[in-house]
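Contents: one structure, followed by commentary.
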Amino acid sequence: MDKKRLKAAVEAILFAKGESVESKDIITALECTEEEFAEALDALKTDYARADRGIQIVELENAIQLRTKEEFYDDLIKITNVPKKQSLTDAALETLSIVAYKQPVTRLDVEKIRGVNSDSSLNKLVEYGFITEVGRLDAPGRPLLFGTTEQFLRSFGVKSIEDLPQMNPDVLEDFKAQAEKEIQIKLDI
Amino acid sequence: MDKKRLKAAVEAILFAKGESVESKDIITALECTEEEFAEALDALKTDYARADRGIQIVELENAIQLRTKEEFYDDLIKITNVPKKQSLTDAALETLSIVAYKQPVTRLDVEKIRGVNSDSSLNKLVEYGFITEVGRLDAPGRPLLFGTTEQFLRSFGVKSIEDLPQMNPDVLEDFKAQAEKEIQIKLDI
Amino acid sequence: MAIPVKLEVFEGPLDLLLHLIEKNKVDIYDIPISLITEQYLEYVKNMPKEDLNVVSEFLVMAATLLDIKCKMLLPKQEVEEGEEEIDPRAELVQKLLEYKMYKYMSLELKDMQMGSERYIYKKPNIPKEVSSYKAPPDYESLVGDNTLQSLNELFKVIMKRNEDKIDPIRSSFGKIKKEEVDLDKKQLEVCAYIEAHKNCSFTDLLSKQKSKMDTIVTFLIILELIKVGSVDVKQEEAFNDFTITYKAPFTRIELV
């Protein structure tokens, strides 16, 4: 398949499918090499980057998907029914951050960290499609394990779990420094 | 709104809606003139006409819509219909053997022999082209008669129906005799 | 009287503790346990008690706090050489830090979600020609290992199975007619029997019946005779036989 046709075919597939498509599936269907696919994808991205284009490619784990560019949101809400955003409660957000950073986790893991029963938060997150059951822990009772979904990546604007903001011990150090500073201020007064 | 932005916004709207959008609705949403809109639309059409684009604009009455170019349907088929390995079910094989050896047969004949409704097996076999309607029985309701096809002969390596191993009345008599014998043995015990 | 205080809502005991630590501007690594416990208990005392599950979660933490407070009041235990002395608060501090970290990350997530709200995705538009496409039959895989021979074998099996369904012995049996019990005749028989014996045993009467249906009908007739007052039935002891005594002339019984 010549380069132009390959590029066009990738666009055609992404448009028709609407949802995310795994790169390897496209490569199989179009019978091209990984390099040829990567080249076509790059060419498409360059195209879409132009100011007179309204759509863009978003990469999620090993899949790609088309979406509108952010700057047309205000125009779009005037004419399309924008799906309602799932606004999450603080409890659900806390639970989500535990699942995202510690996945796979059981209900009990979440409950231990939060110090409260988190069933309803977990259920809500499953219902919204942000997390899903990813298996069972090899332990008595074989409890369910939860992990985040592609929908989570999409809704929170990250390519993959690795791209989540880092949560490292430094953050904890910051907390400590902050706490100490606060105490200092107090003592100074 | 500058021309490039207008063009991009039209693309974003067409993409997000997926279905057809009335031109006047786009004009209202983007607060542009009819001329500006027509110009943007033309520019988009010129873009999409290029060989390296996979989508096109379709105009219907007073509405427009984005659509995959027809020449990529084959690629889409490859990615949306992952071919399942086809094989004949036991039910279909039974039905096929009955049609092959007792043809021409009606649905009712097959059903009587198999003891179960065989419509779906018969339909499947017709769909695969192994059997076909060969006429109608001269009986109340004029039921359809089925027989095997050339495809069946080809696939099972027979030159003609006459080459099928015959199942003659003697064989049936044998079965009957055999069944009686078995019962006799049972009674003797 | 307690002044009603509008209570802040906390996600859980850890959330409340963090709040108290921040409010008092104390070091999370060196929590003044008495002060914090006191404030914690004060909050729990005032919290709405409707949801006992929630309350109990807060109470568990209260118990933990009191436990730590006790340990800190006790004189320090002798520590074995080389081993570091364990602060009773250490475990709680760890939990608080872990929770605080995830809580912090949850705020980051919240911002991220707001930032990615402005993209719109589209629904699939699979052309009809594509979605209704049916792959042509792959005859090789359809036929698979089946041969004309196996088809023939299968046909023989089916025909045999069909033949076996007809049991050659039973199919030759004549039909057995159902024995009907003639109610009028039966009634006359039973009545005549009782009248002739004046006193008779129920068991004896039943033992004279030929079939199950006869027995059932006889029993029903006796019940009816009792009802219309033609006979008396006596039983000397539980589980013993009944004695049927003739009382009055019989009238025709309509058994339904």
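Read the figures in this text as sums done on the coordinates, not as results from a lab. Small disclaimer: the values here were computed from a predicted structure and weren't measured. As a convention, Cβ positions derive from the backbone with ideal geometry for all residues, glycine included, and neighbour counts pool all protein chains shown.
What to note about this one:
- For chain C, the percent of C-alpha pairs falling in each 5 Å distance bin, counted from 0 to the bin holding the largest distance, reads 1, 4, 7, 7, 6, 4, 3, 3, 2, 2, 2, 2, 3, 4, 6, 7, 10, 10, 8, 5, 2, 1, 0.
- Note, ³J(HN,Hα) from phi for region B:93-98, Karplus 6.51, -1.76, 1.60, rounded to Hz, x at Gly and Pro: 5, 4, 4, 4, 5, 5
- Given chain C, longest segment not containing exposed loop chymotrypsin sites (Phe, Trp or Tyr not before Pro) (DSSP; at most 14 other Cβ within 10 Å): C:1-172
- Whether the protein assembly as shown is rounded, prolate or oblate, judged on the alpha carbon gyration tensor where a/c under 1.5 counts as rounded: oblate
- Loop trypsin sites (Lys or Arg not before Pro), region B:22-114, which have at most 14 other Cβ atoms in a 10 Å radius of their Cβ (DSSP): B:ARG50, B:LYS84, B:LYS85
- Rounded, prolate or oblate (a/c below 1.5 giving rounded, otherwise prolate when a/b exceeds b/c) for chain A by Cα gyration tensor: prolate
- Theoretical ellipticity at 222 nm over chain C - DSSP helices of four or more residues, -39500 (n - 2.57) apiece, nearest 500: -17000 deg cm²/dmol
- Rounded to 10°, Cα long-axis angle of helix C:90-115 versus longest principal axis of chain C: 80
- Other copies of B:GLU31: label-to-label distances in nm, shortest first, labels 7 Å along the beta-carbon direction: 5.3
- Global form of region A:60-101, assessed from the alpha-carbon gyration tensor, a/c cut-off 1.5: oblate
- The other copies place their A:LYS3 label points at 2.8 nm from this one, listed shortest first, where each point is 7 Å from Cα along Cα→Cβ.
- Cα centroid separation - region B:137-161 against region A:47-72, whole Å: 56
- Rounded D (µm²/s) - region A:87-156, Kirkwood Rh over Cα pairs, Stokes-Einstein at 37 °C, 0.692 mPa s: 277
- When restricted to Cα atoms, region A:3-78 yields an Rg and a Dmax of 12.8, 42 Å, respectively.
- Label point 7 Å beyond Cα along the C-beta direction, distances from A:GLU70 to other copies (nm, shortest first): 4.1
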